[in-house]
Every structure is written in structure tokens, then in C-alpha cells.
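We did not get these values from a lab; they are worked out from the coordinates using the rules stated. Remember, it's a predicted structure, so these values are computed and weren't measured experimentally. Glycine also receives a Cβ, built like all others from the backbone with ideal geometry; neighbour counts cover every protein chain displayed.
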Amino acid sequence: MDMNKFTQRAQEAIAESQNIALRYRHQQLEGEHLHAALCAQQDGLIPRLLTLMEVDVPAYTAELERELEKLPSVSGGSQLYASRRFGELLAQAQENTRQFADEYAGVEHLYLALLGERGTPSARLMARHGVTREKFLAALSQVRSKQRVTSQNPEETYEALKRFGTDLVEQARSGKLDPIIGRDAEIRRVINILCRKTKNNPVLIGEPGVGKTAVAEGLAQRILKGDVPDNLRDKTIFSLDMG
């Protein structure tokens, strides 16, 4: 098994699964150790996807811990063996990678391998919480969109707009934007350009403080009110921090 074909976060999860097994004094490395490691990653993709699937993550992880407690433990032994099942999960993750046309196996491929099992503690836990392959792939699509895993750190690019940008329409919805006065002509001009079939990228040029941001915020407020042409309805505007 070539670990270099796994992403950094996937490698971390595999390493952490061994730490979890040792912490519980388990001699055999099982899928539940990997499952727990995936769910425990701070700011990890799997907890994010579980939340998107409306899973109660604390309850889910608590049940997973109880499943770990049921596994046989030994005293005094420090030698850890990977079960056949554990190896099969890693192999299935790499097969999932090929099916997605990705270059590296990520945490999502590992979780899908667990999700494809039948009759295991992890499979039963997922079923109890309503986690299905269809729901998981739908949540993954929200985060990954159509991106392929072509590097060992793909998670850094997932939802980049949400992490580095500000949703102006959402800010308008939350009442965080001031009313925009006296910019109707500029806002209408931007709307007209955006609605063109070609050459539809408006550029606002001016010195700092002349009101470029106000035009964008005014457009966001109009989108929220529905005061825009049909092809701009339900759209959003992101302000991207280039610093």
C-alpha cells in the first residue's frame, strides 16, 4: 500500500486510528478506529459533511466511542496488527479514488469505503443516523463541487469562497449593510452589464473611498429584495479578500 497516494489529511487519519487503538488497548486495528479518527479531525471534512447531512455529530461520535469500548482489549501488549478488514478499507478507498478520477485518496474516499460495508458496527451506526451514500455524495458535491483531488492538500481549496470571501447578500439578509443612497445609476449600469450574453464582466474603477463597494452592496440588497432581472434572482455576490 503506497501511503504517498493518500492525501495529507487521510494519512493523518490513518496514523491517528493507530493511536486510538492503542489508547483503548486494542491489539487489532479495525474500521471503527479509522471511523473515529475521521470524525475527530479538527476542522475536518467528514465532520463538516455530517453536519451538512443534518447528523447530530456529538451523538454520532458518542455512539462510535461506545462501539470502540465493545472491542476486545488486552493488558500489557503494545504490538498492533491491522486486521484484514482495515487493509480492505484502504484498498477500497483507493478504488473509490479511481472511480472519482482523483489522483489521491482523501478522507472522503476512506469514509465512502466504510459506508460501503454491510453488517459492521460502523455500517449500523451510519444507518441509525440516516447516513447513506446518496446523502453523502450530495453533501460532498456541495463542498467539492466538481473539483478533483489532484494534490495532497485538496481540503485547502474546498469552499474557498466561504473561507476567504464575504457573502454580501447574506450580510444584507442579516442587516449588516447600510442603506445605499444615490448610487441607482451605477447599480443599474452594473445590472445591465451582468445581464449581457457577452462582455458581461463589469469593472468598477476609482480611488479608495469613492463608493465602489457601495455599488456592490447596493446590488446585493437589490438581489435580496428581488429587484433585479430574472437571471440575477437567487444569485449571490462574494467580496474576496485579496490580502
Exercise for review: Please specify each residue of the range 207-243 satisfying the condition of being of a type in the set (Val, Ile, Thr) and within 14 Å of ILE181 (Cα to Cα).
Suggested key: VAL210, THR213, VAL215
Review point. Inside the range 132-142, can you point out the residues that are in a helix (DSSP H, G or I) and either out of contact with any Leu (no Cβ under 7 Å at 6 or more places or on another chain) or of a type outside the set (A, V, I, L, M, F, W, C) (or both)?
Key: ARG133, GLU134, LYS135, LEU137, ALA138, SER141, GLN142
**Study point:** From VAL149, VAL190, VAL215, VAL169, residue being farther than 26 Å from ARG9 by Cβ and touching a residue at least 60 places away in the same chain (Cβ under 8 Å)
**Key:** VAL169
Check your understanding: Yes or no: ASP227 at positive phi and in a loop (DSSP other than H, G, I, E, B)?
Key -> no
Check your understanding: Do any residues in the range 224-236 that are of a type outside the set (Lys, Arg) have Cβ atoms under 8 Å from those of residues that are loosely packed, with under 12 Cβ neighbours inside 10 Å, where the two are at least six apart or on different chains, and which pairs are they?
Key -> GLY226/ARG233
Check your understanding: Which ones in the range 90-126 are over 21 Å from ALA40 (Cβ atoms), assigned to a helix (DSSP H, G or I) and among the small types (Gly, Ala, Ser)?
Key -> ALA91
Exercise for review: For the range 165-187, name all the residues that are under 18 Å from PRO202 (Cβ atoms) and part of a loop (DSSP other than H, G, I, E, B).
Suggested key: ILE180, ARG183
